[in-house]
Amino acid sequence: MANLESSIHNPNSRPSEDEKYNDIEGIDYTAGYVKQLSSDDELLAGAWGMNATTEIWDLCYRSGPRMAKILEDFVSSMKPSKRAYDDARDILTIDMQLFHWSQDMAFISIFDDTEPPRLDWDKVTMNNIVGITAIWTLHEMARIKPGMFRHTYQYVPGERNPFKLDAYDLLHGIMLLRWVLRTWNYDRNQQPDRPRPLRAKERRFWRPKARVISFAPLPEPEDSDMMDID
């Protein structure tokens with residue numbers, strides 16, 4: 001007889017697509033929605049509050065030469081990892097460790113530097129350089145386009161002051177960097193062509209399911225409780 005184990009006792013069972021995303025605290029998206037953000041340009045555009053997918057390309061490559069240079073440097077730094085992994089999701093993993101690094105004051109001097117992180121820097125190691133470089137890149141993007149990083153309110157335009165990325169800005173930003181890695185023209189070593197416009201899709205927030213409230217029937221009254229009252 002086949003050994004059928006309940007999914008409750010299976011440690012490898014995956015959460016339902018409509019369950020709450022829980023890799024980063026403070027984000028009220030469904031797990032399925034976040035999973036699709038890495039491959040669905042229409043969902044990604046909607047997450048950024050855009051109207052169409054072409055605005056993703058405009059943000060990355062029509063925001064001036066400084067933005068284009070930042071992303072070119074980012075792609076160059078990720079090329080060794082790109083050769084090891086075909087999927088950008090395997091290169092830039094998202095978890096609470098990434099969020100903790102983005103909030104850790106010990107890394108503020110790195111994120112505030114004008115140059116991308118290098119392995120010979122203090123606190124930068126082989127274990128964290130990919131994540132630290134991604135966060136540094138998002139800091140630079142937020143300095144150029146603070147209005148797009150609308151949850152990271154600590155930024156003061158015109159200053160290189162330290163700030164912390166909000167959880168939503170970090171998640172949306174990593175998904176945007178995945179898009180850059182996924183669409184970059186590696187054969188020509190240049191930015192991708194402008195995509196055809198597709199309408200952005202709405203974000204999908206998680207909503208707790210309503211509790212089912214059941215009412216137990218009242219017990220029958222005892223004989224003594226059924227006396228007539230004049």
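The values are calculated or read from the model by the stated rules, or taken from the named source; none is laboratory data. Owing to the predicted nature of the structure, the values given are computational and were not obtained by experimental measurement. Virtual Cβ from ideal backbone geometry, glycine too; neighbours counted across all protein chains shown.
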Exercise. Is it the case that some residue within segment 188-196 is touching a residue at least 24 places away in the same chain (Cβ under 8 Å) and farther than 18 Å from residue 42 by Cα?
Worked result: yes
For this session: Could you check residue 102 against (1) surrounded by fewer than 18 Cβ atoms within 10 Å (Cβ to Cβ); (2) out of contact with any Phe, Trp or Tyr (no Cβ under 7 Å at 6 or more places or on another chain); (3) not hydrophobic (A, V, I, L, M, F, W, C) and say which number it fails?
Result: (1)
Exercise. In the set 149, 163, which member is touching a Ser or Thr at 6+ places or on another chain (Cβ under 7 Å), crowded, with 18+ Cβ neighbours inside 10 Å and at pLDDT below 90?
Worked result: 163
Seminar exercise, completed: Taking segment 66-109 and keeping residues among the basic types (Lys, Arg) and within 15 Å of residue 177 (Cα to Cα) leaves 69, 79, 82, 89
For this session: Would you check which residues across segment 82-127 are more than 19 Å from residue 186 (Cβ to Cβ), touching a residue at least 60 places away in the same chain (Cβ under 8 Å) and in a loop (DSSP other than H, G, I, E, B) and list them?
Result: 94, 95
Exercise. Which condition number in (1) over 19 Å from residue 179 (Cα atoms); (2) crowded, with 16+ Cβ neighbours inside 10 Å; (3) within 20 Å of the chain's Cα centre (by Cα) is the one that residue 124 fails?
Worked result: (3)
Problem set entry | Among residues of segment 29-62, those that are within 13 Å of residue 180 (Cβ to Cβ) and touching a helix residue (DSSP H, G or I) at 6+ places or on another chain (Cβ under 7 Å), counted | 6
For this session: Can you tell me which residue within segment 8-45, out of those that are farther than 26 Å from residue 198 by Cα and polar (S, T, N, Q), is modelled with the highest pLDDT?
Result: 22
For this session: List every residue pair whose Cβ atoms sit under 6 Å apart, with the two residues 6 or more apart in sequence or on different chains, where the first one lies in segment 28-49 and is more than 23 Å from residue 146 (Cα to Cα) and the second, anywhere, is surrounded by 20 or more Cβ atoms within 10 Å (Cβ to Cβ) and of a type in the set (A, V, I, L, M, F, W, C).
Result: 36/43
